[in-house]
Number of protein chains: 2
Amino acid sequence: MSTLVGNCLVAQSGGPTSVINASACGVIQEAFRTGEINQVYGALNGIAGVLNEDLFSFNEESPEEIELLKVTPASALGSCRYKLKSIEQSEGDFERIIEVFKAHNIRYFFYIGGNDSMDTAYKVSRYAQKVGYDLKSIGVPKTIDNDLPITDHTPGFGSTAKFIATSIKEVGLDARVYNYSTVTICELMGRNAGWITASSALAKKYEDDAPHFIYLPEVPFSFEQFDKDIRTALEKYNYAVVAVSEGIKNEEGKYISEMCSDTQMKDAFGHVQLGGVTGILEAYVSQNICKKVRSVNYSTIQRSAAHCASLTDNEEAYLCGAMAVRYAIEGHTGKMVGLFRENTKDYHCETQLVDLDDVANKEKPIPKEWLNEEGNYVTQEFIDYVRPLIMGEVKIRMENGIPRYCKLNKKLIERKVGPWNVK
Amino acid sequence: MSTLVGNCLVAQSGGPTSVINASACGVIQEAFRTGEINQVYGALNGIAGVLNEDLFSFNEESPEEIELLKVTPASALGSCRYKLKSIEQSEGDFERIIEVFKAHNIRYFFYIGGNDSMDTAYKVSRYAQKVGYDLKSIGVPKTIDNDLPITDHTPGFGSTAKFIATSIKEVGLDARVYNYSTVTICELMGRNAGWITASSALAKKYEDDAPHFIYLPEVPFSFEQFDKDIRTALEKYNYAVVAVSEGIKNEEGKYISEMCSDTQMKDAFGHVQLGGVTGILEAYVSQNICKKVRSVNYSTIQRSAAHCASLTDNEEAYLCGAMAVRYAIEGHTGKMVGLFRENTKDYHCETQLVDLDDVANKEKPIPKEWLNEEGNYVTQEFIDYVRPLIMGEVKIRMENGIPRYCKLNKKLIERKVGPWNVK
């Protein structure tokens, strides 16, 4: 048990989610509860804020706003895409980080993010050990993509899955109201793993419900299969709703979204160039199958829809943040908080520490056995895996008819070390 | 007071909304309550279902499912885009409608829809009077576009406004997390009236909140103004979120969404062709102002998001349906149920009958005085008008983590007249 009394720092990185702030809230409130941490600092824009010494203190924020963080979407502390190279390649960055930590007596570092951020938390921990600075660095996972290995799932995924299942249920009802055939193509995030897209299957209750087919990056996309699928759905149900991952690729591994610059495709589509996957599939359908075709691209709506967040996901995100603090106080470092599903009838997850170097820069696709033979839908095993993650609704404080989300002051504290310049 | 005992028919038309089924539920439940109506029929796919004699009976549906209709999005009875011409031009259609009504002793006709549907309800009423068939035909307004005249607003609009304000608040938080400049362009429905797009302003609480600018069909779109606006927002806030109506036009009245086929635009964009308004504006921004630009097109998500419906809107939609029945029983025909806002401090609306010929085929744009001088934002008067319409949340029955919406059997009753063919 470490008895070190110092300050802590929490930062966020990568793409936002509906619950990344719930994890931050877990860190902050637990840090205050421990009595072993003086100042709870936040860094503006992730590791870039550490390098720039752009720090603010949660001791100066109102407890009510901090409580609201728990249900507020997006990265309230600010995010970045700055990636630290290896310790050898960017030793200057690491020196600077430790310099800033020392100046503010930061002894605990909590980094909430995806793959790259876990890599950063790991390297910072290793560098601190190397230079003999006593620091506990813990990674808190977040990514709507659910593509981190080892952990059963990642906070952020369940809420996106819940919103997508809800909205595709609704868009599916909307798509079937007419007495003529319609095709609706829904584009979802997940460039290399199809977890989000596959979760649209949770919308289906009856056989004729949307989505009818699902196209994932895990399975090479074939226009012949797609053509056959759309015709099958139209024949059976008079409407077709399909969910498509932004990252689908053809047999040669080329992104479908990039095929618009391909001569073959240009010819097939009469030199019309279109935006993204849905643009290409929409053009294909309208020229070959059915004129009434519509694209629905969920863009950032899907990762920010905290008004429709999963309570399970929200609580787990908070728990991961809070447990990160407890593990750090216990003396752990260079680890990530993982979620482990217990082998019980009712769903239950507990946190455990995971070695960061097992997680960093690795990806977890959907297992092949959770896809059907044609590769255009998921199996019941997949549904059974995801369903518990979308259960429960978060109580949102409403103000004037819309959610009242957190607004931090983020008043920067006085700098103690020299200038630096990370954009 | 009419003492006629007969059957009634309810049908839906035009684009779906989150609450068009609430209106249907109001009709059905009130019709059962009166004790003066035997069978409550529904027509499959609006007036096309009447012409085809595709009818089913709500007496055969379970009361639980009918109750669920109240919160279910999209047109559960099915919709159509079939438009009746004048009585002189399509007398055959009108004859057929009355023939079907006679065969099933339908004495009350409730048509829930937008502009065209009000036109149909009106013409059917006039034709019935002309041929001496005792029929009460009442129109029930619905349209997310809020473009019907006379009525203070239309059921469907408030729920779309609430979802859009909620989601743009969330997307706005998502858009500002990075330490570099980003531009987000949100495309919203409303081809000729900007009510939905303008409602995005309800998302703004603090000056730096999204949306920063709003572009409506009521104001000619200028690329110079747009360019200036985006640069202003980036300078002030380091991010820009703008809401754009699908129906914006340039000074010459040409839709911006159609400018991709224009030679001038083709040249400006290096012959790249893009989908819709957002595609064009996104290309403009990325080539002239900022590389980090993203489009968010709300497509049918915005009109089907019943999970985020406005309670006020939902209750008014139900009320309009229920009152339609009461007005019909009182002997009114050829009228629409309108909503009238009382001149009180607290918001309160009552229904009144409106002459259908005052409503049919007319449109209501946003009044000029509710737009700012530059035409790129709304005034406080607009906010004060819309705010009450988004208040309150609808309680949704959840099942397996997503809304449990209504599923009707729609078992067709035996036909009594000969075949007809409307697609």
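Every number here is computed from the coordinates shown, using simple stated rules; none is lab data. Computed from a predicted structure; not experimentally measured. As a convention, Cβ positions derive from the backbone with ideal geometry for all residues, glycine included, and neighbour counts pool all protein chains shown.
Some values worked out for this structure:
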{"quantity": "Sites residue B:95 and residue B:361, calculated FRET efficiency, Cβ-Cβ separation with R0 22 Å, nearest 0.05", "calculated": "0.45"}
{"quantity": "Amide N of segment A:238-255 lying under 16 Å from the label point, which is placed 7 angstrom from the Cα of residue A:289 along Cα→Cβ", "calculated": "A:238-245"}
{"quantity": "For residue B:400, inter-copy label distances in nm, listed shortest first [label point 7 Å out on the Cα-Cβ vector]", "calculated": "4.0"}
{"quantity": "Nm distances between copies for residue B:35, ranked from closest, using label points 7 Å along Cα→Cβ", "calculated": "7.1"}
{"quantity": "Rel. contact order, % - alpha carbon contacts under 8 angstrom, at least six apart, segment B:157-304", "calculated": "31"}
{"quantity": "Helix B:91-103 vs. chain B, principal-axis angle (Cα, 0 to 90°, nearest 10)", "calculated": "50"}
{"quantity": "Nearest-ten-degree value, helix A:115-131 long axis tilted from longest Cα axis of chain A", "calculated": "20"}
{"quantity": "Local net charge near residue B:134, Cβ-Cβ under 13 Å (Lys/Arg +1, Asp/Glu -1)", "calculated": "+4"}
{"quantity": "Sequence-distant residues sharing a close amide H with residue B:310 (under 5 Å, placed H)", "calculated": "B:159"}
{"quantity": "Unsatisfied cross-links (Cα-Cα over 20 Å) in the set A:136/A:410; B:83/B:407; B:85/B:362; B:142/B:335; B:70/B:362; A:142/A:362", "calculated": "A:136/A:410; B:83/B:407; B:70/B:362"}
{"quantity": "Overall form of segment A:1-124 per C-alpha gyration tensor (a/c, 1.5; a/b vs b/c)", "calculated": "oblate"}
{"quantity": "P(r) histogram, all alpha-carbon pairs of segment A:157-304 included - 5 Å bins from 0, percent", "calculated": "2, 10, 21, 24, 21, 14, 7, 2, 0"}
{"quantity": "Computed magnitude of the charge dipole of the protein assembly as shown (debye, nearest 20; Cβ of K, R +1, Cβ of D, E -1)", "calculated": "200"}
{"quantity": "Chain A: Cα Rg divided by the 2.2 N^0.38 Å rule of thumb", "calculated": "1.05"}
{"quantity": "Computed [θ] at 222 nm, deg cm²/dmol, chain A (DSSP H ≥ 4; -39,500 (n - 2.57); rounded to nearest 500)", "calculated": "-10500 deg cm²/dmol"}
{"quantity": "Sorted by Cβ density within 10 Å, fewest first, the residues B:204, B:411", "calculated": "B:411, B:204"}
{"quantity": "Helix B:20-34 axis, angle to chain B major axis (alpha carbon atoms, nearest 10°)", "calculated": "20"}
{"quantity": "Cross-link partners of residue B:236 among aspartates and glutamates (Cα-Cα below 17 Å; sequence separation of 8 or more within a chain)", "calculated": "B:207, B:208, B:209, B:227"}
{"quantity": "Cα gyration tensor shape of the protein assembly as shown, rounded if a/c is under 1.5, else prolate or oblate by comparing a/b with b/c", "calculated": "prolate"}
{"quantity": "Lys/Arg +1, Asp/Glu -1 at C-beta; segment A:157-304 dipole; positive extreme among A:288, A:219, A:188", "calculated": "A:188"}
{"quantity": "Residue B:293 long-range amide H proximity, modeled H, under 5 Å", "calculated": "B:183"}
{"quantity": "Cβ-vector label at 7 Å, residue A:416, separations to other copies in nm", "calculated": "8.9"}
